[in-house]
Amino acid sequence: MPFIPHTDDDVRAMLAAIGVSDIAGLFEEIPPALRNDALTQVPPPATEMAVLRLMRERAERDGSYLNFIGAGAYEHHIPAAVWQIATRGEFYSAYTPYQAEASQGTLQTLYEYQTMMASLTGLAISNASLYDGASALAEAVLMAVRLHKGARRVLLPRALHPVWRRVVRTLVRNQGIELIGLPYDPHTGQTRADAFPADDCAALVVPQPNFFGVLEAVDELTDRAHQRGMLVIAAPNATALALLRPPGQWGRDGADIAAGEGQPLGMPLAGGGPYLGFMTCRAEHLRQMPGRIVGRTVDAVGKPGYTLTLQAREQHIRRSKATSNICTNQGLAATAATIYMALLGAAGLGQVARTSHARALQLRDALTAIAGVSAPFSGSIFHEFVLKVQTPVAPLLQALQAQGILGGYSLVNDYAELGQALLVCATETKTPADIERYTDNMARIIGRRFQPAPCALKPS
Amino acid sequence: MSTPEHLKYTASHEWVRRESDGTASIGITDHAQQQLGDVVFIDNPAPGRKLKQGEECGVIESVKAAADIYAPIAGEIVAANTELSDAPEKVNQDPYAAWMFRIKPDNPADIDALLDAVAYQKIADAEKS
């Protein structure tokens, strides 16, 4: 499908047809006082060459680091073919095509994306993606409240990503929905299944693993929530799904909705985006699913074809009663995820997950062997873990950064009760040599800076 | 288009039939199903729910649109036609047999105050012209 802007001649012809002299004339009815056309803070136009140079210089200033930060965005190897294919002209529009059915290839790709996500999460229905994990979770919370048709309270574990909690709060706070925190066990790092409040709640959110990297007791949480008449919203790590039991099989009946971040499936870290929200649900909840859904059908002569389906849920038909004001999807990122999953296959994705898990365990063992460094939680981990250090976290991370290492994400602001703690991640991208480099530097920095100078004379 | 004389109607295109047990069955009119096209989904109110007259209580979805269903009279939902969940096309095939839900009226006289077939036919004709 070509995405070709109009030529000057086209624009002149269109303006002439409606009797308007120039583009500005189209906006005449907006009172001058409401116009904001003087963008004084925006610099003058620059040439492509100048912009490229500026961007290169800025990028160089960022430096190049050995990265052990996860905290919601994960560094994985992306096969070169992923973006080589995703950026082909036929796919390279970030947007949902307006004449969707004219873009059969795009729809087929999204249909395959949906099939893969449904299969990974063990739930029957997937939409064609949402913006990112945090807003996908907020949509899942709204969906669960609609489905429950009674309670408007939702349980958000404190061990859920703090930024996701803030995004959910922002998106639901004006809809009369109350978000209730659920504590975690200070020994295991797992969300406490015995701490549900007495009030009627519509849903429980279950991250897997949680923000601490700790695997939750998903079966018990799911069953307990279902016994209390709640829906269960799974928020799984996309890579971990290749290794762990899918949300559709949690507990006796399985989670009702899964929503999360698709970035680990082929998207670079790229300073925070564009990322990809995924969302799947049980078949009976289909009508309350927000976002676009691609369906497979046959045309007038019986040939298979793809179409946007179930659009009566959506804003352009249902107006204010739509399931969501989201009328789009993250098309390019979903395309990249589809290609990534197709290239790796189930076995390859499983290998990424297993290697990441193994590397994280190696790193944790190596780091906690250093005096003054410990792992406060006993719960099993996936590819990320919390470290407690007996020295202030901020200067420690600074010192590591000076050695070219991003050592982790400080938990001091979000989880003050943990004291000096940081969140550390290792994926399949970290070699044993990388782990050794991190460990050596950590030991040296902690030893040099924060421990008393060794006594010159050893007691005999 | 058929508009049976023994039924009562609303301007929002519901029909109402008084049943022998004192409840009232509610569906959508032949005119409404023609306007909607092929019906693919019906979201009925849950039994036990109490409704005010004119309250939105359900959704009927077709291949090209989704329309709200309004309670023609005040009362309590006593039954929803679960057959329509699996076979929503019955609304197109025979709209006056395909009742959607039954209400136990708060005030049975409310039914008498609804539109008769002649008055409803005028409304439907005006919409078509």
Please list the non-local residues whose amide H lies under 5 Å from the amide H of A:Gln420, H modeled 1.01 Å from N, same-chain partners needing a gap of 5 or more. A:Val389
Short version: ³J(HN,Hα) in whole Hz for each residue of the stretch B:15-27, in order, from phi by Karplus 6.51 cos²θ - 1.76 cosθ + 1.60 (θ = phi - 60°), x for Gly and Pro, what are they? 10, 10, 10, 6, 9, 5, 8, x, 7, 10, 8, 10, x
Per its Cα gyration tensor (rounded if a/c is under 1.5, else prolate when a/b beats b/c, else oblate), the stretch A:139-201 is best filed as oblate
I'd like the Karplus ³J(HN,Hα) series for the stretch A:119-129: coefficients 6.51, -1.76, 1.60, θ = phi - 60°, whole numbers in Hz, and an x wherever there's a Gly or Pro. 5, 5, 8, x, 10, 6, 10, 10, 8, 7, 4
Where a Cα-Cα gap under 16 Å defines reach, which lysines qualify for A:Lys149, not counting those fewer than 8 residues away within the same chain? A:Lys321, B:Lys50
For the stretch A:1-94, take every pair of Cα atoms, bin their distances at 10 Å starting from 0, and report each bin as a whole percent. 10, 16, 30, 24, 15, 5, 0
Taking amide hydrogens as modeled 1.01 Å from N in the peptide plane, which residues meet the under 5 Å criterion relative to A:Leu160, leaving out close sequence neighbours? A:Phe211
Kindly provide log₁₀ I(q)/I(0) values, in the same order as q = 0.13, 0.17 Å⁻¹, from the Debye equation applied to equal alpha-carbon scatterers of the stretch A:158-316. -0.72, -1.15
Taking the beta-carbon count within 10 Å as an exposure proxy, list A:Phe377, B:Phe101, A:Phe278, B:Phe41 from fewest neighbours to most. B:Phe41, A:Phe377, B:Phe101, A:Phe278
Would you list A:Thr431, A:Thr309, A:Thr40 from fewest to most Cβ contacts within 10 Å? A:Thr40, A:Thr431, A:Thr309
What residues have an amide H closer than 5 Å to that of B:Ala79, excluding those fewer than 5 places away on the same chain, when H is modeled at 1.01 Å from N in the peptide plane? B:Arg102
Under Karplus coefficients 6.51, -1.76 and 1.60, residue-wise ³J(HN,Hα) of the stretch A:24-41 in Hz, glycine/proline x: 4, x, 5, 10, 4, 6, 7, x, x, 5, 8, 7, 10, 9, 9, 8, 5, 8
Kirkwood hydrodynamic radius (Cα pairs, Å) of the stretch B:8-128? 14.2
Can you return the lysines within cross-link range of A:Lys303? Criterion is Cα-Cα under 27 Å, with same-chain partners fewer than 8 residues away left out. B:Lys64
Using a Cα-Cα cut-off of under 23 Å, which lysines could be cross-linked to A:Lys388, ignoring same-chain neighbours fewer than 8 residues away? A:Lys430
What number, in nm² with one decimal, is the all-direction average of the projected area of the convex hull of the alpha-carbon atoms of chain A? 30.2
Rounded to the nearest 10 degrees, what's the angle between the helix A:8-18 long axis and the longest principal axis of chain A, both from Cα atoms, 0 to 90? 50
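Any read-out appearing in this document is the output of simple, stated calculations on the displayed coordinates, not a laboratory observation. Note that the coordinates shown come from a computational prediction; the quantities given were computed from them, not determined experimentally. Counting neighbours? That spans all protein chains shown, and the Cβs are built from the backbone with ideal geometry, glycine included.
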